[in-house]
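**Student:** Below is one structure. I have some questions about it.
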Amino acid sequence: MSPVGPAFAADGEVLQLSIDAGKPGPKIDRNLFGQFAEHLGRGIYEGIWVGASSPIPNTRGIRNDVVAALKAIRVPNVRWPGGCFADEYHWRKGIGPADKRPRTLNPNWGGVIEPNTFGTHEFMDFLAQIGAEAYVSINVGSGTPAEAADWLEYLTADLPTALAEERKANGHAAPFGVSFLGLGNESWGCGGSMTPDYYVSQLKIYARYPRNYNESHPMRRIAVGPDGADTSYTEAVMKAWQSHVWSWNIEGLSLHSYTLGKWPPSYKSTGFGEAEYAALVKETLRMEDLIRTHAAIMDRYDPEKKIALVVDEWGVWLAPTPGTKPQFLEQQNSVRDAVIAALNLNTFARHADRVRMANIAQMVNVLQAMILTDGPRMLLTPTYHVFRMYLPFQDATSVPVSFAPGSYVKGDISLPRLDAIAAKGRDGKLWVAVTNVDPTRAATVELGTWAHARGETLAAPRVDSVNTFDKPKAVAPKPISARTAGGKVSVTLPPASVTVLSLD
């Protein structure tokens, strides 16, 4: 099937959307817009780190263009060093003079050389440059509690211990701030293939000994949680937490779920048709049921919702770009991926009382990336533009929105045509984000009685439209304004589009 082309039919159906601004809901935590940077393919090296001697403009080895782009979307936190890489990462190999650091292997992602030139100090420098907080994943799989405890002391201790003095000698006298600590990664899989009960036994140890010594900078601990729909880890961890004693605690439980269609991932990132588009959007929408399922279990043990559900790996996982190394997980990023990003973000926002943090996989050059680089060149993907358009929702107060979604049908797949969220931003304005899932029909949406409605929409002639280094702005947001007639405001949304409006 050929990709969906520029021709589309506008129908006469008007979809109603109403917002109850007088009923404020939970805060949409800015940490829902977190990022993920793993030592995988060109995600760190070439994507973030080029080295101080590189002709590519950089600050202490970190690309200036990537930093500027990430600052513009106010990245709240970055998860590092993995992923599967985290459970084979030994932090001491990444500190000290760069020319003295050992060259090791990265067996998870292609068996390539890991130079360790991007380590603890470089990561913290990167965060300072983009204005983000640290989400550090410790090595529970192949490491030890002592190793993890030493790393946290090295990072956060202020008193003149041997580790704090070593940090000072390596160029950072003040303690670092670690906002989030991941207690392992996918311990049910690449992080050790642990049974839920065995992981809980390790969780109690790793939640105890890697302490935060920086009292001015609180740290929240995030336990390994479910793999998609499997509830066994959710039950085991939450049951243990309910009866936990003073010596250990957690503040979050992770959830990993990708839109991939089938394993191994084989859906193409370009040149796909409407049937493939519909299949992946359908799979994306199951995130709603996943969160409901795990949140219901958490509610049984934690009715006060003290523990956050942290979706710290999510996104579209597609077939590798032809000509790239398969284990590097490089893929293009299309309008379809922007729609999928918006649908996921909307789902997280609807469950903001429990889902208070999320990390898309991944930030640069890997999977559903914000940014792609090629030597000195850089481009922003459609997914990046969604994150930039959703800036008003960071730390906004959600408000109820009701709408008639209509329907989009392709073959035996039937999906809601529209999805939407609304919130009162920290700027005092009311904001609404509306996604038109239908790739062939524009959608006319009546928003109620407002004086003005204006904003941006992201769309393109085809759902497989992408930005390339030759045409880096082929897919970019464009201004959109609503019409007013009979006291009602309405807006026509292009097919397969993401729109964010401010309402006055």
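The values are calculated or read from the model by the stated rules, or taken from the named source; none is laboratory data. It should be emphasised that the depicted structure is a prediction, and the values quoted were computed from it without experimental measurement. Glycine gets a Cβ as well: all are built from the backbone with ideal geometry, and neighbour counts include every protein chain shown. Side chains included, ligands, DNA and RNA excluded: accessible areas come from the protein's heavy atoms. Shrake-Rupley method; radii C 1.70, N 1.55, O 1.52, S 1.80 Å.
**Student:** Taking Asn106 as meeting all but one of (1) touching a Phe, Trp or Tyr at 6+ places or on another chain (Cβ under 8 Å); (2) under 22 Å from Arg211 (Cα atoms); (3) not basic (Lys, Arg), write down the number of the exception.
**Tutor:** (2)
Conditions tested, residue by residue: (1) among the aromatic types (Phe, Trp, Tyr); (2) crowded, with 19+ Cβ neighbours inside 10 Å; (3) farther than 15 Å from Arg336 by Cα.
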| position | (1), (2), (3) |
| --- | --- |
| Asp419 | no, yes, no |
| Ala422 | no, yes, yes |
| Arg426 | no, no, yes |
| Ala433 | no, yes, yes |
| Ala443 | no, yes, yes |
| Ala460 | no, yes, no |
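**Student:** Taking the residues in region 75-105 that are among the charged types (D, E, K, R) and open to solvent by 10 Å² or more (accessible area, probe 1.4 Å) as candidates, determine which candidate is nearest to Arg30 (Cα to Cα).
**Tutor:** By that ranking, first place goes to Glu88.
**Student:** If a residue counts only when it is of a type in the set (Gly, Ala, Ser) and over 19 Å from Arg42 (Cα atoms), which strands (runs of 3 or more DSSP E) contained entirely in region 88-165 have at least 1 such residues?
**Tutor:** 133-137
**Student:** Counting only residues that are surrounded by fewer than 24 Cβ atoms within 10 Å (Cβ to Cβ) and touching a Phe, Trp or Tyr at 6+ places or on another chain (Cβ under 9 Å), which one in region 374-396 is nearest to Lys325 (Cα to Cα)?
**Tutor:** Of everything passing the filter in region 374-396, Asp374 is nearest to Lys325 (Cα to Cα).
**Student:** In region 14-69, which residues are over 30 Å from Thr449 (Cβ atoms), within 17 Å of the chain's Cα centre (by Cα) and in a strand (DSSP E or B)?
**Tutor:** Gly34, Gln35, Phe36
Residue-wise test of (1) over 23 Å from Asp438 (Cα atoms); (2) open to solvent by less than 10 Å² (accessible area, probe 1.4 Å).
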{"residue": "Trp263", "(1), (2)": "yes, no"}
{"residue": "Gly271", "(1), (2)": "no, no"}
{"residue": "Lys282", "(1), (2)": "no, no"}
{"residue": "Leu285", "(1), (2)": "no, no"}
{"residue": "Ala296", "(1), (2)": "yes, no"}
{"residue": "Asp299", "(1), (2)": "yes, no"}
{"residue": "Ile307", "(1), (2)": "yes, yes"}
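**Student:** Follow-up. Among the candidates Phe348, Phe403, which residue alone is surrounded by 20 or more Cβ atoms within 10 Å (Cβ to Cβ), modelled with pLDDT under 95 and either more than 23 Å from Ala134 (Cα to Cα) or touching a Leu at 6+ places or on another chain (Cβ under 6 Å) (or both)? So that I can check it myself, show each step before the final result.
**Tutor:** Numbers: Phe348 fails: modelled with pLDDT under 95.
Exactly one of Phe348, Phe403 is surrounded by 20 or more Cβ atoms within 10 Å (Cβ to Cβ), modelled with pLDDT under 95 and either more than 23 Å from Ala134 (Cα to Cα) or touching a Leu at 6+ places or on another chain (Cβ under 6 Å) (or both), namely Phe403.
**Student:** Going by the conditions given, is Val386 β-branched (Val, Ile, Thr) and either touching a Pro at 6+ places or on another chain (Cβ under 9 Å) or over 21 Å from Glu46 (Cα atoms) (or both)?
**Tutor:** So Val386 passes the test.
**Student:** Select, from Tyr301, Tyr277, the only residue that is at pLDDT 95 or above and either of a type in the set (S, T, N, Q) or in contact with a Phe, Trp or Tyr (Cβ under 9 Å, 6 or more places away or on another chain) (or both).
**Tutor:** Tyr301
**Student:** Continuing with this model, one more query. Exactly one condition in (1) assigned to a loop (DSSP other than H, G, I, E, B); (2) under 12 Å from Val224 (Cα atoms); (3) open to solvent by 10 Å² or more (accessible area, probe 1.4 Å); (4) not hydrophobic (A, V, I, L, M, F, W, C) is false for Gln202; which is it?
**Tutor:** Of everything listed in (1) assigned to a loop (DSSP other than H, G, I, E, B); (2) under 12 Å from Val224 (Cα atoms); (3) open to solvent by 10 Å² or more (accessible area, probe 1.4 Å); (4) not hydrophobic (A, V, I, L, M, F, W, C), Gln202 misses just condition (1).
**Student:** Using the structure shown, decide if Lys262 is without any contact (Cβ under 8 Å) to a residue 60 or more places away in the chain, part of a loop (DSSP other than H, G, I, E, B) and of a type in the set (Lys, Arg).
**Tutor:** Taking the combined requirement at face value, the residue satisfies it.
**Student:** Report, by residue number, each residue of region 168-186 that is in contact (Cβ under 8 Å) with a residue 60 or more places away in the chain, buried (at least 21 other Cβ atoms within 10 Å of the Cβ) and touching a Pro at 6+ places or on another chain (Cβ under 9 Å). Quick ask: steps written out before the conclusion?
**Tutor:** First, pick out the residues of region 168-186 that are in contact (Cβ under 8 Å) with a residue 60 or more places away in the chain: 170, 179-180, 182-186.
Subset that is buried (at least 21 other Cβ atoms within 10 Å of the Cβ): 180, 182-186.
Passing the criteria: only Leu183.
**Student:** Restricting attention to region 124-161, and to residues there that are more than 22 Å from Cys190 (Cα to Cα) and of a type in the set (Asp, Glu), which single residue is surrounded by the most Cβ atoms within 10 Å (Cβ to Cβ)?
**Tutor:** Glu153
**Student:** Which of the residues spanning region 58-74 are surrounded by fewer than 24 Cβ atoms within 10 Å (Cβ to Cβ) and touching a residue at least 60 places away in the same chain (Cβ under 8 Å)?
**Tutor:** Listed by number, the residues that qualify are Thr59, Arg60, Gly61, Ile62, Asp65, Val67, Ala69, Lys71, Ala72, Ile73, Arg74.
**Student:** Just to be sure before I move on: is Ser53 modelled with pLDDT of 90 or more, within 16 Å of Pro115 (Cβ to Cβ), of a type in the set (Ser, Thr, Tyr) and open to solvent by 40 Å² or more (accessible area, probe 1.4 Å) in the structure I sent?
**Tutor:** Yes.
**Student:** Same structure, new question: Evaluate the following for Arg356: is it open to solvent by 40 Å² or more (accessible area, probe 1.4 Å), at pLDDT 95 or above, within 14 Å of Arg30 (Cα to Cα) and in a helix (DSSP H, G or I)? Explain how you work it out, then say what you get.
**Tutor:** Details: open to solvent by 40 Å² or more (accessible area, probe 1.4 Å): yes; at pLDDT 95 or above: yes; within 14 Å of Arg30 (Cα to Cα): yes; in a helix (DSSP H, G or I): no.
So Arg356 fails the test.
**Student:** I would also like to ask the following. Taking into account only those residues within region 232-252 that are open to solvent by 50 Å² or more (accessible area, probe 1.4 Å) and touching a residue at least 60 places away in the same chain (Cβ under 8 Å), which is nearest to Leu309 (Cα to Cα)?
**Tutor:** Across region 232-252, the extreme among qualifying residues is Glu235.
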